[in-house]
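Notes follow the structure.
The values are calculated or read from the model by the stated rules, or taken from the named source; none is laboratory data. Every value quoted in this text rests on a predicted model; they were computed, and no experiment measured them. Glycine gets a Cβ as well: all are built from the backbone with ideal geometry, and neighbour counts include every protein chain shown.
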Amino acid sequence: MKDWLVRGGLRRRLLFMNLLSIAAGAIALLTITIIFAPGLHDRLMIAWLGPHWTDAADANMVEMERATNEIFTLAMLQALTISSGAAMIVAVVVSVVISRQIVQPIEHLLQTTHRIATGHYSERVPLLGDHELKRLASQFNLMAAALERAEQRRIALIGDVAHELRTPLATIAGYIEGMLDGVVEPDEATWALVLDEVYRLRRLTNDLQDLSRLESHHIGLHLEPIEPIHLIEAALARLRPQFTTKGIALSVQVSPHLPPVWADRHRILQVLVNLLGNALQYTPTGGQVIINADTNGNAVRFCIQDTGIGIAAEHLPHLFERFYRVDPSRTRATGGTGIGLTICKALVELHSGQIGAASDGPGQGSTFWFTLPCCMI
């Protein structure tokens, strides 16, 4: 019996449980009727004829009353048996229909789960059944959509990494082949170009390693209370000469009496340097970059605002994605590795902060901001 139920699946088990419940109810009904019906019948007869009717009745009437009781009991049992059988037949039909309605969405879910497990991430479950089953199917579809997006990002990442590695490797191979063939002179300038491509590969691999560790949360933070102005001053100390050389005005606007923030000094400095480096790179000579910090609820909000080339609205939601580039025609020599903003986002979120960007459009400059939780001491 157990093997039969297991092989039949959920539908057979539901049907068996329904039939078992119906049979138990029918047996209970027959048992209770057999036990209590004769006594109830006698009491009703006495109440109708009176308590002393047997004294006035002759033997024939008493015998007739006994025979009537037996016939009544037999007829009642037969009627109950027939009605119970009919009820079980109806219950079986209803149970089959109901179990099919319950099991069919689950079978769809199982089939779709199997297909997704084999790599068909576009599969979705139809919203069938009762409210709870529809909710289950809806949540499953959300999970499947998330898996599909993750798979698309994985495929895109593999392609992006291959593309990013191909360009410097092709450059290095071209120079070395040229030197071996005697076409390119192996002088210091040539070796400097080759070394520059090697450094580019190193930066890419280091960034990829950092991003992998950040997204898998395999990186530790040394949190401490830090004054926001100290973080800004440390970042400016690294980049101020480059701003001066390019002729870009750099100003700081920090609200007085800002509370300290909980942060890893090295990691947040990395975020500030990256955002300031982007502002430096995409702001033309004669432009301006403003750094400000102010309270924002229980956090401190850092802003880097520039008068650079700006960003179109359709690009803003994708700026922090891996290898996303506003202008695909830019080379990595001028556009970085393409994952700096992704690393910034991961670092800020690891600090329980938020990060974002805004721009009024091309030529209107842009603003990058992030928040860090305050340290209430």
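At-a-glance table
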{"read-out": "Any chance A156 is closer than 28 Å to T342 by Cβ, surrounded by 13 or more Cβ atoms within 10 Å (Cβ to Cβ) and hydrophobic (A, V, I, L, M, F, W, C)", "value": "yes"}
{"read-out": "Any chance L201 is surrounded by 12 or more Cβ atoms within 10 Å (Cβ to Cβ) and closer than 30 Å to I291 by Cβ", "value": "no"}
{"read-out": "Filter pass, V125 being assigned to a helix (DSSP H, G or I) and on the phi < 0 side of the Ramachandran plot", "value": "no"}
{"read-out": "Every pair of residues 6+ apart whose Cβ atoms lie under 7 Å, when the first sits in the range 130-152 and is farther than 18 Å from R100 by Cα while the second is of a type outside the set (A, V, I, L, M) and surrounded by 13 or more Cβ atoms within 10 Å (Cβ to Cβ)", "value": "N141/R124; A144/Y121; A144/E123; A144/R124; L147/Y121; E148/Y121; E151/Y121"}
{"read-out": "Subset of the range 103-121 (residues that are touching an Asp or Glu at 6+ places or on another chain (Cβ under 8 Å) and either in a helix (DSSP H, G or I) or of a type in the set (D, E) (or both))", "value": "T112, R115, I116"}
{"read-out": "Residues within the range 358-377 that are within 20 Å of P228 (Cα to Cα) and assigned to a strand (DSSP E or B), tallied", "value": "8"}
{"read-out": "Yes/no for V90 being out of contact with any Cys (no Cβ under 8 Å at 6 or more places or on another chain), surrounded by fewer than 12 Cβ atoms within 10 Å (Cβ to Cβ) and over 30 Å from R322 (Cα atoms)", "value": "yes"}
{"read-out": "Search result, residues across the range 288-310 that are in contact (Cβ under 8 Å) with a residue 60 or more places away in the chain and not aliphatic (A, V, I, L, M)", "value": "T295, N296, N298, R301, F302, C303, Q305, D306"}
{"read-out": "Residue that is modelled with pLDDT of 75 or more and of a type in the set (S, T, Y), where the choices are T33, T81, T54, T68", "value": "T81"}
{"read-out": "Pairs with Cβ under 9 Å, 6+ apart, first in the range 252-276 and without any contact (Cβ under 8 Å) to a residue 40 or more places away in the chain and under 19 Å from G340 (Cβ atoms), second among the small types (G, A, S) and surrounded by fewer than 19 Cβ atoms within 10 Å (Cβ to Cβ)", "value": "L269/A234; V273/A234"}
{"read-out": "Test: residue in the range 11-20 that is modelled with pLDDT of 75 or more and in a helix (DSSP H, G or I)", "value": "yes"}
{"read-out": "Considering residues of the range 211-232 that are assigned to a helix (DSSP H, G or I) and among the hydrophobic types (A, V, I, L, M, F, W, C) only, the residue surrounded by the fewest Cβ atoms within 10 Å (Cβ to Cβ)", "value": "I229"}
{"read-out": "The range 250-270, residues that are within 30 Å of G220 (Cβ to Cβ) and touching a Lys or Arg at 6+ places or on another chain (Cβ under 9 Å)", "value": "L269"}
{"read-out": "Residue match in the range 68-79 (condition: touching a residue at least 40 places away in the same chain (Cβ under 8 Å), within 27 Å of I34 (Cβ to Cβ) and small (G, A, S))", "value": "no"}
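Listed here are the residues, each with its yes/no results for (1) outside the structural domain of I339 (by TED's automatic domain parsing); (2) over 29 Å from R265 (Cβ atoms); (3) assigned to a helix (DSSP H, G or I).
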{"position": "E164", "(1), (2), (3)": "yes, yes, yes"}
{"position": "I176", "(1), (2), (3)": "yes, yes, yes"}
{"position": "M179", "(1), (2), (3)": "yes, yes, yes"}
{"position": "V184", "(1), (2), (3)": "yes, yes, no"}
{"position": "A192", "(1), (2), (3)": "yes, yes, yes"}
{"position": "Q209", "(1), (2), (3)": "yes, no, yes"}
